[in-house]
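Here's the structure, in structure tokens; my notes come after.
The values are calculated or read from the model by the stated rules, or taken from the named source; none is laboratory data. Small disclaimer: the values here were computed from a predicted structure and weren't measured. As a convention, Cβ positions derive from the backbone with ideal geometry for all residues, glycine included, and neighbour counts pool all protein chains shown. Areas reflect the complete protein model, heavy atoms only, side chains present, ligands, DNA and RNA absent. Shrake-Rupley method; radii C 1.70, N 1.55, O 1.52, S 1.80 Å.
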Amino acid sequence: MAAMLLKGGEAASAVMKEVAAGVADLARSGYVPGLATVLVGDDPASHTYVRAKRRDAAKVGIRSIHHQLEEIPSQEELEDLVNGLSADPGVDGILVQLPLPEGLDEGRVVGCIDPRKDVDGLHNENLGRLVAELPGPRPCTPAGVMRILSHYDLPVSGKRAVVVGRSFLVGKPLALLLATKGADATVTIAHSRTVDLESLCREADILVAAVGRAKMVKASWVKPGAVVIDVGINRTAEGLVGDVDFAEVSEVASAITPVPGGVGLMTRAMLMSNTVSAARGNISGLGGVG
Ligand code: GUN
């Protein structure tokens, strides 16, 4: 393997150290941050993710308030729950695990989260702040990708970045973060309708795969020496695999994130970081996540 391994565990533990220091600081003022998690339905992957998030919270001293709705609620019932959490002074951050079961309108549910408690950075107000380059919580996976790049001192400025995937959870916000002032990449968002995706990917200095298709990105798609970030987590017969064919691509790339052990760990760490920021905003009375 030629590529440097970008270990999510290493970068995430640096973030978690900062988070623990932030929680200790709040504890000196007698404040314990609270993170509410809302899990609807019985998707096993979502259950695993939320369990891990709650475990992370417990580890750093963040109080977790969990709502598990095995029986699918109506849109109104779910919105009532989220509105209640938004109004609850004991709740600093709210995470509604996505995707929601079919029939529930995610946008409307996320819209019920008080933007100051939106530790996922997915409320329209916070996505607007991202576009406007104003301070605010950034979506956790995109923020985690940026942090892994900075943790390993990988240059972004002036680089050609291709983000494959245009989801509101990952692809679009990540493209904005890469292009934002200070990061300064030149970014292309590619998707299922992109013509000659392989050639486009081969132009990338930084290639991000966030599509949810196991081992889609092959060595022939990657410019020699490129940095490859794999956001995919696909459950297959051979276990968890990313959107990148790791065995092949790691022979061509200069640096690559593994799956598991890569971006997923960063998502969780950034959630804890956003929760501490939200709690700080809450006790300062100013609101907002900086
Ligand atoms: N499902 C997969 N990733 C995420 C995430 O970052 N936040 C939420 N709320 N749901 C997710």
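Observations, loosely collected:
- In segment 266-273 there is no residue that is more than 16 Å from the chain's Cα centre (by Cα) and at pLDDT 95 or above.
- Those residues of segment 159-197 which are on the phi > 0 side of the Ramachandran plot and in contact with a Ser or Thr (Cβ under 7 Å, 6 or more places away or on another chain), in sequence order: Asp184
- Number of positions in segment 102-145 that are farther than 17 Å from Thr180 by Cα, open to solvent by 30 Å² or more (accessible area, probe 1.4 Å) and within 13 Å of the ligand (Cβ to nearest atom): 2
- First in segment 125-144 and over 17 Å from Met272 (Cβ atoms) and part of a helix (DSSP H, G or I), second anywhere and open to solvent by 40 Å² or more (accessible area, probe 1.4 Å) and more than 13 Å from the ligand (Cβ to nearest atom), Cβ under 6 Å, 6 or more apart: Leu130/Leu176
- Residue match in segment 163-186 (condition: outside any loop (DSSP other than H, G, I, E, B), within 22 Å of Val249 (Cα to Cα), hydroxyl-bearing (Ser, Thr, Tyr) and more than 16 Å from the ligand (Cβ to nearest atom)): no
- Of all the residues in segment 79-93, those that are open to solvent by less than 40 Å² (accessible area, probe 1.4 Å), charged (D, E, K, R) and in contact (Cβ under 8 Å) with a residue 40 or more places away in the chain number 1.
- Among the residues of segment 20-50, the ones that are assigned to a helix (DSSP H, G or I) and within 16 Å of the chain's Cα centre (by Cα) come to 5 in all.
- If you go through segment 192-211 and pick out every residue that is open to solvent by 50 Å² or more (accessible area, probe 1.4 Å) and not in a helix (DSSP H, G or I), you end up with 6.
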